[in-house]
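Working notes, structure below.
The values are calculated or read from the model by the stated rules, or taken from the named source; none is laboratory data. As the structure is a prediction and not an experimental result, all values here were calculated from the model. No Cβ is skipped: glycine too gets one built from the backbone with ideal geometry, and neighbour counts run over all protein chains shown. Accessible surface is based on the protein model in full, side chains and every heavy atom, while ligands, DNA and RNA are left aside. Shrake-Rupley method; radii C 1.70, N 1.55, O 1.52, S 1.80 Å.
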Amino acid sequence: MLMNLISLAIMLGVAYAWSARGFLSSLLHMACVIAAGAIAFGLWETVAILLIENAPDGFFSFIGDGAWGLGLTLPFVVSLIVLRVITDSLVRSNMATDDVMGYVGGGICGAVSGLITAGIFVNSVAFLRVPQRFMGYEPLNAVNQGNIEFQSNLWVPVDRLTGTLYNHLSEHTLSTSTPLARYVPDIATAAAAQRMSGGEGKNRNTLAPDAFEVIGSFEVEQDAFADFMDPKAQTITDLDGNPVSNAKSVGYVVKFNAGANEDFGKVVASKGQIRLVTETERGERATIFPIAVTAESRAGSGVYGRFRYATPGDHIGSVGGASESTMAFEFPVARDATPIALYVKNIRHVIESAPETSFPNANARDAAIRAGQLTGGTRVADLNTAFRVVAELDNRSGNAAGFNAQIRIPRNYGLQKGATRGIQTNDDNKIVGGEETFGSNDLGTRGLPRELRVEEFAVTTDQNIVQLTVTGDPSAIPSSLFGQAAVEINLSNPPQLIDAQGQSYQAIGFIYEDQDVIRLRYDPARPLSAMTEAPSLSRTRDDQTLILLFRTSVGVAIEHFAVGQIVVTSYDPPIQIERPRIR
């Protein structure tokens, strides 16, 4: 209801305002609005990605979360202001017309200007990190066994009308080599689907372009909508609710890196946030959402399953705490259609070739899934072990010196509830993210009542925290960065743990202490991309302690600690990661 009222108020308000200013003024303003809209859509993708890549952390992180909305609104507003200044300086007086002509002509031009303005407003808001039914408007919904279908329109569908106008212009009057109509055939659908995320709109709705890569593709010709996990064929409908038949399945294998993780350290693939655009030889385009995803079924197992989007509200995520995760998304594609673009949280990947692999039926695809061939996994290769230290494990604890797998912070680094400053905590007094520098005497929970202590990191049930000390005498601390591998290490590479299956886990933070300060960083959504992001260390100082924090999967066995491809420490036998002890 609220979105209806706001969009109608914008449209009617603009129409009324310009009806009283004369036909010529209203006509010039309409021309400026149309041109500003074209500029906005032309710059939309570029500006949005620029905002995503340069968004600050902390309070202003909303810039990155709302990049696709701001990327449309900002160019529109700025270009409209510039165009108005230019036209006002060139045309200094109105054209004399009779009152009827002035009011009617001005009102019509004003209504067009209002419709476009309202349409850009509605579409911009829809791209923000907001709940699915924001302002009472829910254009799409997952119904009928998880299929996404049209739910409702505004009283005046300004979002769809605006999209239709600029789609038409992009292939005619304002045509380009990459028209909006081809790659975003319905911006209102794209915007509404983008906010169909987990956590009732709390999960991420944007990604940086380098947060994922498409590493493979395949198609299934016959009987594609059943699988070894459920032999019953999946019921599939299009956006209008019509049954989809005589379609093949086309899949794309996407490797997500740590930059795609949510704050809780996992990739969540919501159905609405992954979409495929197809095109027929007749120029008909369609937006299609995935029907299933192949992903690792259990943390650290290397075993993959095919999971259907078969229930409204399904949000399929990665498992464990691995830095990278690979998923294969399948789409029902009409046999006369060709995929032209894959969108992952609105980042466009242009498809320029046919699927690399063709399976004759679902059985052949399922065999590839069970063999681990469909996704290929995410494994670290070509490690340099020439300079490593082989750590001895304590028979009683099963750990090596400097290696501690637990979610509890060392007592001398604990925080007091209400005094965590830049460190965010949840209702259970567990750290969920943030970075802060404290004085050397500001931390510690000794003597505090338990309800005031903040001394654990938040993890999910299939994750644990490895606290790895990388300072000290290498003869006592095998993971020390002052050991024999130090000369070979390139500090522009990230620190990582690697399990026995070759899966990597990048550091998501650190605890650093010297005689003056203590720094704590814990940010699962923004792992260390280089050792240089941690405080610099010096061999000549004996007051520095640096503990790297890794979030790993439960059940895996950690075999190496490396910086880039240079292995600093190997654990023989590998250290088994158990479930954390919860207070």
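Run the helix sum for the chain: -39,500 (n - 2.57) per DSSP H stretch of 4+ residues, divided by residue count, reported at 222 nm to the nearest 500 deg cm²/dmol.
Calculated from helices alone, the mean residue ellipticity at 222 nm is -8000 deg cm²/dmol.
Ranked from the most accessible area to the least, with a 1.4 Å probe and all protein chains present, what is the order of ILE477, ILE39?
ILE39, ILE477
Less than 12 Å Cβ to Cβ from ASN205, Lys/Arg counted +1 and Asp/Glu -1: what total charge do the surrounding residues give?
Once all neighbours under 12 Å are counted, the net charge is +3.
Any idea which of LEU51, PRO290, LEU452 is furthest toward the positive side of the dipole for the chain, if Lys and Arg beta-carbons carry +1 and Asp and Glu beta-carbons -1?
LEU452
Leaving out ligands and nucleic acids, note down the accessible area per residue over the chain with a 1.4 angstrom probe, in whole Å².
44
What is the gain in length, in nm to one decimal, between ILE63 and SER89 on full extension, counting 0.36 nm per residue of separation less the C-alpha to C-alpha distance?
The span from ILE63 to SER89 would gain 6.0 nm if fully extended.
Under a crude label model (7 Å from the Cα following the beta-carbon direction), how far is ILE340 from MET229 in nanometres?
Each label point lies 7 Å from its Cα, and together they span 3.2 nm.
Could you tell me the calculated FRET efficiency between ALA419 and VAL214, based on Cβ-Cβ distance and R0 = 41 angstrom, to the nearest 0.05?
Plugging the Cβ-Cβ distance into 1/(1 + (r/R0)^6) gives 0.35.
Ignoring everything but the protein chains, give the 1.4 Å probe accessible area of THR338 in square angstrom, nearest 10.
Its accessible surface works out to 80 Å², give or take rounding.
Which value, in Å² rounded to 10, gives the accessible area of LYS430 with a 1.4 Å probe and all protein chains present?
LYS430 has an accessible surface of roughly 40 Å² with all protein chains in place.
How would you rank 120-127, 212-219, highest first, on the average number of other Cβ atoms within 10 Å across their residues?
Ranked by mean Cβ neighbours within 10 Å, highest first: 120-127, 212-219.
Suppose every Lys and Arg Cβ carries +1 and every Asp and Glu Cβ carries -1, with no other charges. What dipole size does region 287-391 come out with about its Cα centre, to the nearest 20 debye?
Dipole about the Cα centre, nearest 20: 220 debye.
Could you derive backbone 3J(HN,Hα) for region 458-470 from the dihedral phi with the Karplus parameters 6.51, -1.76 and 1.60 (θ = phi - 60°), listing whole Hz in sequence and x where the residue is Gly or Pro?
7, 9, 8, 5, 9, 10, 9, 9, 9, 9, 10, 7, 10
Using modelled backbone amide H atoms (1.01 Å from N, in-plane), which distant-in-sequence or interchain residues come within less than 5 Å of ALA292's amide H?
TYR309, GLU330
Ignoring everything but the protein chains, give the 1.4 Å probe accessible area of ARG519 in square angstrom, nearest 10.
Approximately 60 Å² for this residue.
Evaluate the distance, in nm, between pseudo-label points positioned 7 Å from the Cα of GLU436 and of ILE81 along their respective Cα→Cβ axes.
For the pair GLU436/ILE81, the computed spacing is 3.7 nm.
Work through the residues other than ALA525 whose Cβ is under 9 Å from its Cβ and net out their charges, Lys, Arg +1 and Asp, Glu -1.
Neighbourhood net charge equals -1.
Roughly speaking, to the nearest percent, how much of region 404-488's 1.4 Å accessible area is carbon and sulfur? Spell out each step's value before the answer.
On the way: 1740 of 3990 Å².
C and S atoms contribute 44 percent here.
Set the Förster distance to 56 Å, then compute FRET efficiency between ARG581 and GLU352 from the Cβ-Cβ distance, nearest 0.05.
Calculated value: 0.65.
Obtain the nm distance between the two label points defined at THR532 and GLU200 by a simple spin-label model: each point lies 7 Å from its Cα along the Cα-to-C-beta direction.
Label-label distance for THR532 and GLU200, simple model: 4.4 nm.
Could you go through region 348-353 in sequence order and give the Karplus-derived ³J(HN,Hα) for each residue, using 6.51 cos²θ - 1.76 cosθ + 1.60 with θ = phi - 60°, rounded to whole Hz, and x for Gly and Pro?
8, 10, 6, 9, 10, 9
Tell me, what is the FRET efficiency for THR385 and VAL517 to the nearest 0.05, using R0 = 35 angstrom and their Cβ-Cβ distance as r? Could you put the intermediate results ahead of the total?
Numbers: r = 35 Å, r/R0 = 1.00.
FRET efficiency, THR385 to VAL517: 0.50.
Helix by helix through the chain, keep the DSSP H runs that span 27 Å or more along the axis on Cα and average at least 0.0 on Kyte-Doolittle, and give those back in order. Working shown, then result.
Working: long enough: 23-54 (43 Å, 1.63); 67-90 (34 Å, 1.62); 99-126 (39 Å, 1.34).
Correct list, ordered by number: 23-54, 67-90, 99-126.
If you work out Rg/Rh (Cα atoms, Kirkwood Rh) from the coordinates, which of (1) 1.04; (2) 0.97; (3) 1.74 do you get?
(1)
With every protein chain kept in the model, how would you rank GLU559, GLU200 by accessible area, 1.4 Å probe, largest at the top?
Final ranking, largest accessible area leading: GLU200, GLU559.
When the label point is put 7 Å from the Cα of GLU138 along its Cα-to-beta-carbon vector, which residues of region 2-36 have a backbone N closer than 15 Å?
2-3
Could you tell me how many cubic angstrom of Cα convex hull volume region 264-404 has per residue?
Values: hull volume 26.6 nm³, N = 141.
Convex hull of Cα atoms, per residue: 189 Å³.
Quick one: plug the Kirkwood hydrodynamic radius of region 351-506 (C-alpha pairs) into Stokes-Einstein at 37 °C, 0.692 mPa s, and report D in µm²/s.
D = 165 µm²/s.
Can you tell me the order of 303-310, 238-245 when each peptide is scored by its average per-residue count of other Cβ atoms within 10 angstrom, highest first?
By packing density, highest mean first, the sequence is 303-310, 238-245.
Can you tell me the length gained on complete extension of the stretch LEU161 to SER475, counting 0.36 nm per residue apart and subtracting the Cα distance? Intermediate values should be presented prior to the final figure.
Values: separation 314, 0.36 × 314 = 113.04 nm, distance 7.03 nm.
Here the segment from LEU161 to SER475 would lengthen by 106.0 nm.
Tell me the net charge near GLN132. Cut-off is 9 Å between Cβ atoms, GLN132 excluded, with +1 for each Lys or Arg and -1 for each Asp or Glu.
0
Could you tell me which residue out of LEU520, VAL554, ALA485 lies farthest along the dipole of region 436-582 toward its positive end? Charges go on the beta carbon: Lys and Arg +1, Asp and Glu -1, centred on the Cα centre.
Final value for the positive-end residue is VAL554.
According to the square roots a ≥ b ≥ c of the eigenvalues of the Cα gyration tensor, what is the shape class of region 1-144, taking rounded for a/c under 1.5, prolate for a/b larger than b/c otherwise, and oblate for the remainder? Working shown, then result.
Details: a/c = 3.17, a/b = 1.61, b/c = 1.97.
The shape class here is oblate.
Where does each of GLU330, GLU296 land when they are ordered by accessible area, with a 1.4 Å probe and the largest first?
Working: GLU330 0, GLU296 35 Å².
My answer, sorted largest first, is GLU296, GLU330.
Before anything else, pin down the relative contact order of region 29-85: Cα pairs under 8 Å, at least 6 apart, normalised by residue count, whole percent. Write out the running numbers ahead of the final one.
Values: 61 pairs, mean separation 27.2, N = 57.
Relative contact order here is 48 percent.
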